[in-house]
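So the structure is just underneath, and the comments pick up after that.
What follows draws every value from the coordinates through simple rules; no lab data is involved. As the structure is a computational prediction, the values presented were derived from the model and not from experiment. Here the Cβ positions follow ideal geometry from the backbone for every residue, glycine too, while neighbour counts run over all protein chains shown.
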Amino acid sequence: MPDEHSQTTMAVDELQAIIQRCQILEEADFKGEDFNLFLVAGQKCLEDGYAAQLLEVIQNEKNKVIIKNMGWNLISPLVRCIFTYKEEDDKREHCLRILDQLAQLCNPKELFLGLLEQIEQTSGDQVCQTVMLLLQPLQTVLLKLQNKKAYSVGLSLAMIMNQLTPLPVPYTKQQIQEDKLGLCQCCNAVVDFAKPFVNEVVKNMEKSSEYHDMELKEELLKFCMKSLKYPLLTAQLEQLEGIEEHPFRHFATEIINILWNIRELIPLVFLHHKGKSPPWENQEFADIERKNSADSVACLSYLMFVQHFGIECFPVVFSPSYLLLCNMTHIEVLLKRTEESMLSKGLDLFESSLLRMEDNSLLHDYLEFRDFINVPQDLVKIMTLCPMEHLRKKSLSILQLFIDKFDTEGKYTLFRCLLKTSNHAGVEGYIIKNIKDQIHLSLTKEYDNVWFTGHHLISLLDLVLSLPEGAETDLLQNSDRIMASLNLLRYLVIKDCESDNQTGVWTTLTKIEQNFLKPLRVGLNMSKAHYEAEIKNKKENRKEAHSSNTVCSVTVSGEKMPAMTTGMQLQVLHSALFTFDLIESVLARVEELIEVKIKAVMDENS
Amino acid sequence: MTTDEATKTEGEVQAVALTERGEDITPAQDRGVLKIIKRPGSEDESPMIGDKVYVHYKGKLANGKKFDSSRDRNEPFVFSLGKGQVIKAWDIGVATMKKGEICYLLCKPDYAYGSAGSAPKIPANATLFFEVELLDFKGEDLFEDGGIIRRIKRKGEGYSNPNEGATVEIHLEGFCGGSRFDCKDVKFIVGEGEDHDIPIGIDKALEKMQRGEHCILYLSPRYGFGEAGKPKYGIQANAELVYEVTLKSFEKAKESWEMDTKEKLEQAAVVKEKGTMYFKEGKYLQAVIQYGKIVSWLEMEYGLSEKESKASDSFLLAAFLNLAMCYLKLREYTKAVECCDKALGLDQDNEKGLYRRGEARLLMNEFELAKCDFQKVLEVNPQNKAAKSQISVCQKKTKEHNDRDRRIYANMFTKFAERDAKEAASKTGVERVAEKAACEKGLKTPGAEDEEAEGHV
């Protein structure tokens, strides 16, 4: 039995043996079996900690041909080995030098595949580490490749990005600083990796405007589009205090620089919405492609218009309303998402596009663009359904901003549309309050009051001063809307005398009476009676059976709320009654006002 | 290039010159845009509204600081003139230029970025200075397919356009080969111009026109009277047409969200009728418009009562089936399949839906899928003779297809063999064979159209 020492050196001996055998062979005479022996022996050396010796063998000029042909085999065990050593270990250093040597010496085609395979096989926590480790050799190899270089660069970038994509993107400041998986660092390393290829494209474009290396350019464009979608679309890109070089901001700048350098930036930003479709034969692919690029271009617009990356290259002659129009497509894409990172990007882009405009300057005709009708509806969805309060608040303030930018006809149309589509009493109440403000403006100012006075207003009032389901309308559910409507009506009858009738409210009073006031009064009486009876019931039940089981259960965002006690139920019922009282008091006031005014007129006439 | 210092002073001189001698080119004559011609144009022609214009420009702030230059980007700046795409000063200024002209423009904030400015480069209330060179311009390609080119002689009011279904009042003059064949004032519904011997291109173009607009439209045959020509006007097949159109007034059709369910259902019955009329006359493009309305109104309608829902589904089913038929006739098979899919989504055993999808797939050379569809037709209705014969067509075509493939490959292999024998296997040669094979495959056009007599609607 060999002792321990000889067993460990055996690995090196074996390697020497196979090397010596191959040294005398011609390149063409290497057999499959030689490759195998070389791999086994090399792997053993690495596993047994003889990296230094292996390095020596590789560096030996005499072995050049062998390494050129067989070296790529060692990539896999080498990578495995490197991860087992600590940072400061000498052996790790040796391994890294081996990697470096292999990149220099090996046949580029095979080594390329070897490296790619390693990247493909890594997963989870090791992805970034592996990618960062192999980027340098991969770049060296790619620069040496003679054939299919563009394809190979594209393949490498696509493979790397695909491997990174499943990783969570650090979002909070702490997560970014910690960069647990190394994603921030890795992304920026990938950009550096791409730089020589970008330079190559730029050089080619400078050489002649006719001939471009289209293929390489296309691959780089794909990489940029992919990067915009991941990680940038998901990343937090606001400046963060205390982080001087925000990794994703840096990454974004680099990506935009690439796009600028390969002259794709400007076409991307504002030729896109014209529906320039990529030349796919298959409709399905074209759709996927369009959808993918929609996300990417939306992110790009956010970067340019909100974060001002690359804006120095952007033409400064476009009108603000045209920019809004172009961005609307992107805003819609972003607001359709549910992730905070994307929603907030969409809202920011919307806000910044609106802030470029002066109030009342947006022509109503823009509402003919589908996005201009869809996006406010998306806003409404966010403000009523989004679980994140700051986004709800922000979307409400943006809706107001959007309303403010339109001319009066635009505001009018928008109100109509939102009243019909929002399906939310709170939002409807908000719109009705806006209508009141507009009426006030047109009554107090001299200009352009066709839309919020006279017959246009009456048709809008028809929509406002009505109960969706007559007396049976759920008054509690609709209380916000009803209160706003009553307030509006009260404002109208106070502000607009019957003799003036500027708003036209007096002409349509009978209709309002029929469609709104009367059913409301009936509804109030029914609801009050119903709730009072319910309260009485509850109170009696409480006396009867103290152990009464809960009748219903309430779930809020998937969590079951604690069962309501009878006491709590009573409280709810009482608060409902309180709401009815409130509505009733305003209703009474309105009716009183109408009566007084009509009487005054009648007295005058008699 | 001069140094920054020099440019700055140069800029100042230009600004002063503009203020002193510049021509006020604003319609309001409020000195909001002042212009001096630096180099007169080479041709006398100016761009018209809506034209695609190509310019080079340089922009500076009042302090002489350059904020933008197309020359720095190394490519001309392109935009549509008079469409509000650019700041007002530009829409006004560039319209006054001649091809080849270079001019200076001094623009007051009201005609530029106003009090809002344009972050980050333009501060609030900034007066801007531009040097603009008009390189080229051309008529607007309305659908980016070269089918309708528009040149606007007089701009309309506002930005509002008639939509499909809008009622328009127009004056039109039609020319073919230099002679006028039509001249009339006419009122009709967009999408139904055919009723007045107006080609579909005019309907389509009207949707991009504004009230009061006067324009010239160059129609390719596809948007004109097509293969059929127009004997009434003595117009041959595939003739290029030129129309001069003035949109005098229009009333828009209601948008889907402006209509309630009842109205939509009532209208659906009307347009269905209309669509069927066009279909019978072979006016498939026009029929598509009518049936398309039903889809746009009802496809996404929610909250219908049971009765309404039933009515709506039956309209939708008819619309999808008829659309499928139209697309078959128009040879847009992918769309035909889509419509059938939607029809079958509403009624999975619909005989017509299955049959038409089979037809479309057959014409797309998807023989197996087509066969499946026809077989399903027979499951639903074993008496359907047309389906039976279609199945045998499918089988025949599959066989032909296979035979052809076999021939091609056989060919390829013989050639490979020959080449190997010659020991001159150059890669390009192999590729050529493969290419040829691909060509042969691609050349195979859908066979003679089987005009089946299956009842429509």
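Would you mind checking the tilt of helix A:214-227 against the longest principal axis of the Cα atoms of chain A, expressed as 0 to 90 degrees and rounded to 10?
Orientation of helix A:214-227: about 50 degrees from the principal axis.
List the pairs from B:LYS52/B:LYS208; B:LYS272/B:LYS342; B:LYS58/B:LYS121; A:LYS411/B:LYS248 whose alpha-carbon separation is above 19 Å, in the order I gave them.
Listed pairs above 19 Å: A:LYS411/B:LYS248.
Which value in deg cm²/dmol, rounded to the nearest 500, describes the helix-derived mean residue ellipticity at 222 nm for the protein assembly as shown, given -39,500 (n - 2.57) per DSSP H run of n ≥ 4 and division by the residue count?
My calculation for the protein assembly as shown gives -19000 deg cm²/dmol from helical runs alone.
Sequence-distant or interchain residues sharing an amide H contact under 5 Å with B:PHE67, placed H: which?
The answer is B:GLY59, B:LYS60, B:LEU61.
Starting from one equal scatterer on each C-alpha and no solvent at all, send me the Debye-based log10 I(q)/I(0) for the protein assembly as shown at q = 0.05, 0.06, 0.07 Å⁻¹, two decimals.
Taking Cα atoms of the protein assembly as shown as identical point scatterers yields -0.49, -0.70, -0.93.
Loop-only check: which chymotrypsin sites (Phe, Trp or Tyr not before Pro) in the range A:162-231 are DSSP coil with at most 12 other Cβ within 10 angstrom?
A:TYR211
Classify the range A:139-267: rounded, prolate or oblate, from the alpha-carbon gyration tensor (a ≥ b ≥ c, eigenvalue square roots; a/c under 1.5 rounded; otherwise prolate if a/b is larger than b/c)?
Because a/c hits 1.5 or more and a/b exceeds b/c, the range A:139-267 counts as prolate.
B:ASP136 label point, 7 Å along Cα→Cβ, cut-off 14 Å on backbone N: hits in the range B:86-104?
B:99-100
Using Cα-Cα distances under 8 Å and only pairs 6 or more residues apart, what relative contact order does the range A:354-495 have, in percent?
25
If you plug each phi of the range A:81-89 into the Karplus form 6.51 cos²θ - 1.76 cosθ + 1.60 with θ = phi - 60°, what whole-Hz ³J(HN,Hα) values come out, in order, with x for Gly and Pro?
Rounded to whole hertz, the list is 4, 4, 6, 7, 8, 7, 3, 8, 5.
Using a 10 Å cut-off on Cβ to Cβ distances, tally the other chain neighbours for every residue of B:69-75 and report the average as a whole number.
Taking the mean over all residues of the peptide, I get 3.
Under a point spin-label approximation (7 Å from Cα along Cα-to-Cβ), what is the B:LYS262-B:ARG154 distance to one decimal in nm?
4.3
Hey, what do the phi angles of the range A:147-152 turn into as Karplus ³J(HN,Hα) couplings, whole Hz, using 6.51/-1.76/1.60 and θ = phi - 60°, x for Gly and Pro?
9, 6, 5, 4, 4, 5
Counting alpha carbon pairs within less than 8 Å and at least 6 residues apart, what relative contact order, in whole percent, applies to the range B:154-213?
46
Is the C-alpha gyration tensor of the range B:11-138 telling us rounded, prolate or oblate? Criteria: a/c under 1.5 is rounded; beyond that, a/b larger than b/c is prolate, otherwise oblate.
rounded
Per-residue mean of other chain beta-carbon atoms within 10 angstrom of the beta-carbon, peptide A:298-311?
What the average comes to for A:298-311 is 1.
Near B:ILE216, within a Cβ-to-Cβ distance under 9 Å, what is the net charge of the other residues, with Lys and Arg +1 and Asp and Glu -1?
+2
For A:LYS536 and A:ASP179, compute 0.36 nm times the residue count separating them, minus their Cα-Cα distance, and round to one decimal in nm.
Result: 122.4 nm gained on full extension.
For the range B:339-350, in order, what is each residue's ³J(HN,Hα) by Karplus, 6.51 cos²θ - 1.76 cosθ + 1.60 with θ = phi - 60°, in whole Hz (x at glycine and Pro)?
Here the 3J(HN,Hα) series is 5, 4, 4, 5, 4, 6, x, 7, 8, 5, 9, 5 Hz.
So if R0 is 30 Å, what FRET efficiency would A:MET388 and A:THR566 give, r being the distance between their Cβ atoms, rounded to the nearest 0.05?
0.30
What order do you get for A:THR384, A:THR413 when you list them from fewest to most C-beta neighbours inside 10 Å?
Ordered by Cβ neighbours within 10 Å, fewest first: A:THR384, A:THR413.
For A:ASN605, what is the net charge nearby, where nearby means another residue's Cβ is under 15 Å from its Cβ and Lys, Arg count +1, Asp, Glu -1?
Taking every other residue near A:ASN605 into account, the sum is -1.
With everything on Cα atoms, drop me the angle between helix A:283-301 and the longest principal axis of chain A, reported from 0 to 90° to the nearest 10.
80
Quick check: the angle from helix B:385-422's long axis to the longest principal axis of chain B, C-alpha only, nearest 10 degrees?
70
Determine the shielding of peptide A:355-368 by partner chains: average, over its residues, the number of Cβ atoms on other chains within 10 angstrom of each Cβ.
Averaged over the peptide's residues, the number is 3.
So, R0 is 45 Å and r is the distance between the beta-carbons of A:GLN20 and B:ASP403; what FRET efficiency does that work out to, to 0.05?
0.15
If R₀ is 51 angstrom, what is the calculated FRET efficiency for the pair A:HIS455 and B:TYR233, using the beta carbon separation as r and rounding to 0.05?
0.70
Quote the Stokes-Einstein diffusion coefficient, in whole µm² s⁻¹, for chain A, based on the Kirkwood radius over alpha carbon pairs, a temperature of 10 °C and a viscosity of 1.306 mPa s.
Translational D for this selection: 52 µm²/s.
Neighbouring Cβ atoms within 10 Å as the yardstick, rank A:LEU593, B:LEU354, A:LEU233 fewest first.
Arranged by neighbour count, lowest to highest, A:LEU593, B:LEU354, A:LEU233 become A:LEU593, A:LEU233, B:LEU354.
How much net charge surrounds A:ALA425 when only other residues with a Cβ under 12 Å from its Cβ are counted (Lys, Arg +1; Asp, Glu -1)?
Here the charged neighbours net out to -2.
Mind listing the long-range amide H neighbours of B:ALA116? Cut-off is under 5 Å, sequence gap 5 or more, other chains count too, H placed in the peptide plane at 1.01 Å from N.
So B:ALA116 has HN proximity to B:ASN125.
Given Cα pairs under 8 Å that are at least 6 residues apart, what percent is the relative contact order of chain A?
Computed value for chain A: 7 percent relative contact order.
Please list, in chain and number order, the residues 5+ apart from B:ILE49 or on another chain whose amide H is under 5 Å from its amide H, with Hs placed from the backbone.
Under 5 Å from the amide H of B:ILE49: B:ILE152.
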